[in-house]
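Peer 1: Structure below; questions to follow.
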Amino acid sequence: MRTITDWRAVLAAAACGVAVAFNVGKLPIAMVELRAEFGLSLVAAGWMSSMINALAVCTGLAFGILGDRVGALRTCYAGLATGILGIALGIVAGSEGTLLLSRFLEGAGQVAIVVSAPALLTSAAAPQDQRFALGIWSSYLPAGVGLIMLLAPLILPFGGWRGLWLLSLAALAMSALAVRRSEASYAPRAATPTDQSSWRNAREALAQPAPWLLSFAMMSWTLQHYALIIWLPTFLKEQRDLGVVATALLSCVMVLANVPGNLIGGSLLQRGWRRGNLIAGASLVTGLAGAGIFLDGLPDALRYLLCVLLSFAGGLIPASVLSASAHLARTPKQIGTLQGLFMQMGNVGPFIGPPAIAAIVAASGLWRDALWVTGTAAACGVMLGLALRRFDAPGRG
């Protein structure tokens with residue numbers, strides 16, 4: 001058993017997540033240029049935007065089980081190679097079909113990395129540091145999306161959308177080199193008499209009620225967060241007539257506020273806080289903040305601060321959920337399965353949330369009616385957090 005954490009190896013695994021998150025953040029920024037160059041229809045643009053999300057919803061658990069079967073390191077390398085291939089294909093794409101294929105490969109690579117990197121990170125961390133290390137991992141998506149949003153204004157004027165793709169390619173390549181240098185810290189533990197077949201491991205992991213409660217809590221959070229990500233730029237541009245730069249900067253700050261929330265969540269778990277309490281408390285804060293954001297009447301400055309608060313407090317939820325795999329997995333060969341479940345359900349939120357909100361807002365013409373969706377999600381998060389308390393003694397996992 002490892003007694004000292006190799007933080008370089010932990011950060012290398014986390015960097016893989018940040019790198020693939022670039023693929024999520026770059027497309028909305030580049031969509032106008034892509035539609036102009038390739039003549040993308042609205043349907044094709046929609047598929048481009050939702051490809052990664054749709055793949056995660058459909059295959060996250062399957063990728064997790066497969067990753068546990070073939071090994072986390074091999075799965076991570078396969079994901080890095082597939083992602084690099086997808087980005088390279090996108091850079092040289094000359095048609096809509098090639099561009100869609102490249103996006104599919106990017107998505108497949110991302111799913112493979114997201115289900116496998118936490119197992120690498122866990123193996124590189126000493127038991128007493130695993131909760132905080134997984135808290136670092138849980139911030140990969142907002143960190144990657146926020147970072148590329150910050151860099152995009154510097155890159156687009158010179159390199160266009162292909163400049164963003166080259167940046168993503170470089171990030172994945174550097175992450176692969178970092179993982180290669182830390183391979184010794186990811187060495188799997190020797191087999192024990194309790195090791196079982198991959199399918200039996202998966203069934204045992206998924207037979208527990210706690211992973212399902214956690215995965216639904218993750219879904220309730222991502223639904224709220226993506227509703228905010230959709231609403232804020234629209235509100236700033238269309239209702240307050242702010243410029244592109246100001247809108248991008250304010251939206252970026254809101255997204256990045258989620259990162260310290262994740263890190264604080266990991267630190268609190270490290271100190272023995274119950275993850276059920278963190279999920280319930282964070283969901284209560286996000287629900288109240290959402291009410292202040294979507295209901296008219298508060299000054300714009302206060303509504304924006306509530307956006308930042310919602311993103312920050314919500315960071316406690318993915319930190320609590322994604323770090324649970326180290327505690328719930330009875331063997332390291334169950335971590336990928338659990339991460340696949342968390343990823344799959346976490347992507348259901350942004351998959352169903354925006355269409356539901358769009359339908360409600362379109363019917364009434366009022367953004368405040370989005371609160372029916374986000375408020376319900378927050379209430380569910382509170383109840384799920386309270387339900388998790390019975391499986392979550394202080395100081396555990």
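Peer 1: Name the residue, out of ALA81, ALA21, that is surrounded by 20 or more Cβ atoms within 10 Å (Cβ to Cβ) and among the aliphatic types (A, V, I, L, M).
Peer 2: ALA21
Peer 1: Right, something else. State whether the residues of region 219-237 include one that is of a type in the set (Gly, Ala, Ser) and buried (at least 18 other Cβ atoms within 10 Å of the Cβ).
Peer 2: Among the residues of region 219-237, at least one is of a type in the set (Gly, Ala, Ser) and buried (at least 18 other Cβ atoms within 10 Å of the Cβ), which makes the answer yes.
Peer 1: Out of all the residues in region 229-262, which are in contact with a helix residue (DSSP H, G or I) (Cβ under 6 Å, 6 or more places away or on another chain), of a type in the set (A, V, I, L, M, F, W, C) and under 30 Å from ASP392 (Cβ atoms)?
Peer 2: Of everything in region 229-262, those that are in contact with a helix residue (DSSP H, G or I) (Cβ under 6 Å, 6 or more places away or on another chain), of a type in the set (A, V, I, L, M, F, W, C) and under 30 Å from ASP392 (Cβ atoms) turn out to be MET254, VAL255, LEU256, ALA257, VAL259.
Peer 1: As an exercise: evaluate THR331 against (1) crowded, with 24+ Cβ neighbours inside 10 Å; (2) out of contact with any Phe, Trp or Tyr (no Cβ under 8 Å at 6 or more places or on another chain); (3) among the β-branched types (Val, Ile, Thr) and give the number of the one condition it does not meet.
Peer 2: (1)
Peer 1: Please work out if VAL43 is more than 27 Å from ILE352 (Cβ to Cβ) and without any contact (Cβ under 8 Å) to a residue 40 or more places away in the chain.
Peer 2: For VAL43, the condition - more than 27 Å from ILE352 (Cβ to Cβ) and without any contact (Cβ under 8 Å) to a residue 40 or more places away in the chain - is not met.
Peer 1: Here's something else I'd like to know. Does LEU284 qualify as being buried (at least 16 other Cβ atoms within 10 Å of the Cβ) and over 19 Å from ALA21 (Cβ atoms)?
Peer 2: For LEU284, the condition - buried (at least 16 other Cβ atoms within 10 Å of the Cβ) and over 19 Å from ALA21 (Cβ atoms) - is met.
Peer 1: Inside region 45-156, counting only helices (runs of 4 or more DSSP H) that do not spill past its ends, which hold 3 or more residues that are over 19 Å from the mean Cα position of the chain (by Cα) and not assigned by TED's automatic domain parsing to the domain that holds PRO318?
Peer 2: So the answer is 72-91, 96-124.
The values are calculated or read from the model by the stated rules, or taken from the named source; none is laboratory data. Please read all numbers here as calculations on a predicted model, not as lab measurements. In this analysis, Cβ positions are derived from the backbone assuming ideal geometry, glycine residues included, and neighbour counts consider all displayed protein chains.
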